[in-house]
Amino acid sequence: MRIAFRPDYADCPRNTPIFRKTVELGAVKEGEWGSEFMVPFQPLANENEFVVTHQRISAFAGTCLENLLRMLDVRHLVVGGVATHSVVEHTVREATDKGYDVTIAADACAAGSAEFHDAALRSLAFIAEVSDVEAVAARFAGN
């Protein structure tokens, strides 16, 4: 999952301060550094790997994510990402509303401040399991 916009930002909403700032800064343009995966997280080149690009705060909004998850019979999501207090939070809330079990790998999330990160995780703990990468890996090893 990644966020990326056309170089002219024709597909970027302007109804929120964060997206207006995205355009102002020239951030996360398709084909440029900010929209690419970090090397350790590059998608695998095989039929079992799917890359979904979102252009809204929730990873579900306007994407094929839910269709893919249903097609693959996924029932439990492990979520990590940038903007714990925004993208991660919104995606987790929507996922739980859609009936998925969700585990958040807290140490695979980040926010602009530790305060925002911690507050989002405390709030999300009411609807999702909050764990860390090592515990998640151990839990799902061999599955």
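The values are calculated or read from the model by the stated rules, or taken from the named source; none is laboratory data. It should be emphasised that the depicted structure is a prediction, and the values quoted were computed from it without experimental measurement. With ideal geometry, Cβ positions are generated from the backbone for all residues, glycine too; neighbour counts draw on all protein chains shown. With ligands, DNA and RNA removed, areas are computed over all heavy atoms of the protein, side chains included. Shrake-Rupley method; radii C 1.70, N 1.55, O 1.52, S 1.80 Å.
Against the condition among the acidic types (Asp, Glu), at positive phi and open to solvent by 60 Å² or more (accessible area, probe 1.4 Å), how does ASP73 come out, does it pass? So that I can check it myself, show each step before the final result.
Numbers: among the acidic types (Asp, Glu): yes; at positive phi: yes; open to solvent by 60 Å² or more (accessible area, probe 1.4 Å): yes.
Yes, satisfied.
So which pairs qualify, if the first residue must be in the range 31-44 and more than 15 Å from ALA4 (Cα to Cα), the second must be among the β-branched types (Val, Ile, Thr) and open to solvent by less than 100 Å² (accessible area, probe 1.4 Å), the Cβ gap must be under 8 Å, and the two must be at least 6 apart or on different chains?
PRO43/VAL51
State whether the residues of the range 7-21 include one that is at positive phi, in a loop (DSSP other than H, G, I, E, B) and of a type in the set (Phe, Trp, Tyr).
Yes; the residues of the range 7-21 include at least one that is at positive phi, in a loop (DSSP other than H, G, I, E, B) and of a type in the set (Phe, Trp, Tyr).
Scan the range 116-135 for residues that are open to solvent by 40 Å² or more (accessible area, probe 1.4 Å) and assigned to a helix (DSSP H, G or I) and jot them down.
First, the residues of the range 116-135 that are open to solvent by 40 Å² or more (accessible area, probe 1.4 Å): 116, 118-119, 122-123, 125-127, 129-130, 132-135.
Result: PHE116, ASP118, ALA119, ARG122, SER123, VAL133, GLU134, ALA135.
I'd like to know if the range 123-137 contains one or more residues that are hydrophobic (A, V, I, L, M, F, W, C), within 28 Å of PRO7 (Cβ to Cβ) and either under 14 Å from the mean Cα position of the chain (by Cα) or at pLDDT 95 or above (or both). Quick ask: steps written out before the conclusion?
First, the residues of the range 123-137 that are hydrophobic (A, V, I, L, M, F, W, C): 124-128, 130, 133, 135-137.
From the residues that got through so far, the ones that are within 28 Å of PRO7 (Cβ to Cβ) too are none.
No, the range 123-137 contains no residue that is hydrophobic (A, V, I, L, M, F, W, C), within 28 Å of PRO7 (Cβ to Cβ) and either under 14 Å from the mean Cα position of the chain (by Cα) or at pLDDT 95 or above (or both).
Regarding the range 66-78, can at least one residue be identified that is charged (D, E, K, R) and in a loop (DSSP other than H, G, I, E, B)? Can you show your working first?
Here is the first cut: in the range 66-78, the ones charged (D, E, K, R) are 66, 70, 73, 75.
Checking the rest, the ones that are also in a loop (DSSP other than H, G, I, E, B) come to 73, 75.
Within the range 66-78, one or more residues are charged (D, E, K, R) and in a loop (DSSP other than H, G, I, E, B).
Given the conditions (1) of a type in the set (Gly, Ala, Ser); (2) surrounded by 18 or more Cβ atoms within 10 Å (Cβ to Cβ); (3) over 28 Å from ARG14 (Cβ atoms), and given that SER58 satisfies all but one, which numbered condition is not satisfied?
So SER58 meets the others, but not (3).
If you go through the range 95-114 one residue at a time, how many are open to solvent by 50 Å² or more (accessible area, probe 1.4 Å), not aliphatic (A, V, I, L, M) and not in a loop (DSSP other than H, G, I, E, B)?
Total satisfying the criteria: 3.
Every residue in the range 40-55 that is part of a loop (DSSP other than H, G, I, E, B) and closer than 19 Å to PRO13 by Cβ, please. Steps first, please.
Here is the first cut: in the range 40-55, the residues part of a loop (DSSP other than H, G, I, E, B) are 42-52, 55.
Residues satisfying the conditions are VAL52, GLN55.
Assess whether VAL78 counts as being over 23 Å from PRO13 (Cβ atoms), of a type in the set (A, V, I, L, M, F, W, C) and touching a residue at least 60 places away in the same chain (Cβ under 8 Å). If you could, list the steps in order and put the result at the bottom.
On the way: over 23 Å from PRO13 (Cβ atoms): yes; of a type in the set (A, V, I, L, M, F, W, C): yes; touching a residue at least 60 places away in the same chain (Cβ under 8 Å): yes.
It is true that VAL78 is over 23 Å from PRO13 (Cβ atoms), of a type in the set (A, V, I, L, M, F, W, C) and touching a residue at least 60 places away in the same chain (Cβ under 8 Å).
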